[in-house]
């Protein structure tokens, strides 16, 4: 009598099913086991981190990295967290992940970590700060997000990122600068030193005047700090000697808006009968012509 042939395929499927069940039942211990070593994870099983503070990727640099990966493979593993079966989320390494996709890789080496959503946000933000190509405003925004989203004090934040408390505070002060100046720091037209000096100036018109002077005359940080200090000392002594009656808030708001629009110090002089004057200051004939062009536009 012939022996019944054994169904090998079914046996293998049963073994694999048992292994998968064991992984599902002991996710944390399995992931912890993987955490010390890198594993090859299929790219199609990986999704990007929605909390990643980095949203801009230089196309040229990304293409260069992609070509390098095509030749040498991905040398530095990305870091992931396991969400569920066949699904992982990036903690760090999105640039490497994107370049690997471009290079046509089917899988990438990865470290797998056990983290919750809060830890994921913090790890992504802290990892972002370690990048060398960040400008001062990107660092400041990341600091602010860590404080707000991870409920950290300035002291705790300084500890987490390995910086001094003064470094954290100085960066956060930059976020109070007007958008035009913030954009200039982003483009690296002016340095953080310049921005710090400008952040210390309260007078909006002088702030913009000094900002244009930095751009047009290529002022050093030391010279910028000197001019800002001289102005603040001078304006401070004037206030102490003869304090002026302050404008009503509505008029002060109009005065500030005109100063910002014209890029020059503007004063509204209000009389008791409700009549008044608008005085616009200019530093030279060229400056006057510039103001006229702004008004005409």
When you check residue 196 against the structure, is it loosely packed, with under 12 Cβ neighbours inside 10 Å and either within 31 Å of the chain's Cα centre (by Cα) or assigned to a helix (DSSP H, G or I) (or both), yes or no?
no
So which residues in the stretch 243-297 are out of contact with any strand residue (DSSP E or B) (no Cβ under 9 Å at 6 or more places or on another chain), under 20 Å from residue 212 (Cα atoms) and in a loop (DSSP other than H, G, I, E, B)?
263, 282, 283, 284, 297
If we only count strands (runs of 3 or more DSSP E) wholly inside the stretch 75-134, which ones have 1 or more residues that are closer than 23 Å to residue 152 by Cβ, touching a helix residue (DSSP H, G or I) at 6+ places or on another chain (Cβ under 9 Å) and at pLDDT 85 or above?
78-84, 87-92
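The values are calculated or read from the model by the stated rules, or taken from the named source; none is laboratory data. All values derive from a computational prediction rather than experimental measurement. When we count neighbours, we look across all protein chains shown, and the Cβ atoms used for this are built from the backbone with ideal geometry, even at glycine.
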